[in-house]
């Protein structure tokens, strides 16, 4: 009996000496299609978090992009999403495609600016965005920020949605359709130098359609989250001069209910290892703490605010949740 009691006592000591298995927190990141920047950018973020945030395993998910990412984060099918700023505002406030339903999201970090890139082949003869009327085009895949932005721009310019035939293709599909001649115009809202347009330009003479000053004025009046920007010349073969277009900042959103300490640790690692993210895509140079307070279109998560205050960065009242 004494031997049995001693054995039990020793077992208890061993059990107390062995640490409990560390809990792994899985973080899924809603990105976009493989032909844009969201997916490789999100993959880089996932690598950083998995490597440098103890107890976290992160993975980048291929999705329909911005609109879908808001819905996925709200439902908990992902916890983080890469989203265009105008879509984030619409989801947060329950506007436009979100039909009066406010989604439970907050801003985690600002990523980089997207530029609207309206692409056609030079042989099409199309030189003005308003020439999409009566044409076969692609405004981006359903649920994407590109589709959201394209339709917002068309509305501001008085182009009815039934004035053209819309295939609503992914970036890669749009490039292939332009190559095959099944569409006349493809629209991208993406960081400049995106792989699908780069690939198309290596085999075909492309034109990126510029917006006129009058068109820019109309679009900005209707959409305060947009800005007038220039796509630099020389990024794509045959597009040697800068092209006047429209830009919008991308934001990394997360579930409003996400643990404050977890978000703090994720954001801290993101900024600490931004050099690695820049190696994946140079647009990550815009992912800075300072830009989070300058360009976030919706309030910041308390975990992000904690990190920014720690760095001595003042958070304006408009960004407090």
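The values are calculated or read from the model by the stated rules, or taken from the named source; none is laboratory data. This structure is a prediction, so every number in the text was calculated from the model and none was measured. Because the Cβ atoms are built from the backbone with ideal geometry, glycine has one as well, and the counts that use them run over all protein chains shown.
Does segment 154-162 contain any residue that is within 12 Å of residue 130 (Cα to Cα) and in contact with a strand residue (DSSP E or B) (Cβ under 8 Å, 6 or more places away or on another chain)? Taking every residue of segment 154-162 in turn, none turns out to be within 12 Å of residue 130 (Cα to Cα) and in contact with a strand residue (DSSP E or B) (Cβ under 8 Å, 6 or more places away or on another chain).
Tell me, please, whether a residue that is more than 28 Å from residue 294 (Cα to Cα) and surrounded by 15 or more Cβ atoms within 10 Å (Cβ to Cβ) can be found in segment 80-87. No: segment 80-87 contains no residue that is more than 28 Å from residue 294 (Cα to Cα) and surrounded by 15 or more Cβ atoms within 10 Å (Cβ to Cβ). Just to be sure, is residue 93 under 23 Å from residue 206 (Cβ atoms) and surrounded by fewer than 19 Cβ atoms within 10 Å (Cβ to Cβ)? For residue 93, the condition - under 23 Å from residue 206 (Cβ atoms) and surrounded by fewer than 19 Cβ atoms within 10 Å (Cβ to Cβ) - is not met.
Scanning segment 103-131 for residues that are surrounded by fewer than 22 Cβ atoms within 10 Å (Cβ to Cβ), assigned to a strand (DSSP E or B) and more than 17 Å from the chain's Cα centre (by Cα) yields one hit, 121.
Condition check ((1) outside the structural domain of residue 54 (by TED's automatic domain parsing); (2) within 22 Å of the chain's Cα centre (by Cα)) across all residues:
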residue	(1), (2)
206	yes, no
231	yes, yes
240	yes, no
243	yes, no
265	no, yes
290	no, yes
297	no, yes
310	no, no
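Do you know which residues across segment 168-191 are surrounded by fewer than 18 Cβ atoms within 10 Å (Cβ to Cβ), closer than 17 Å to residue 136 by Cβ and within 21 Å of the chain's Cα centre (by Cα)? Result: 168, single match. For segment 192-292, the helices (runs of 4 or more DSSP H) that sit wholly inside it and include 2 or more residues that are in contact with a helix residue (DSSP H, G or I) (Cβ under 8 Å, 6 or more places away or on another chain) and crowded, with 22+ Cβ neighbours inside 10 Å are 195-203, 260-272. Mind checking which residues of segment 306-321 are in contact with a helix residue (DSSP H, G or I) (Cβ under 8 Å, 6 or more places away or on another chain) and either in a helix (DSSP H, G or I) or closer than 22 Å to residue 92 by Cα (or both)? Those that are in contact with a helix residue (DSSP H, G or I) (Cβ under 8 Å, 6 or more places away or on another chain) and either in a helix (DSSP H, G or I) or closer than 22 Å to residue 92 by Cα (or both): 306, 307, 308, 315, 316, 319, 320, 321.
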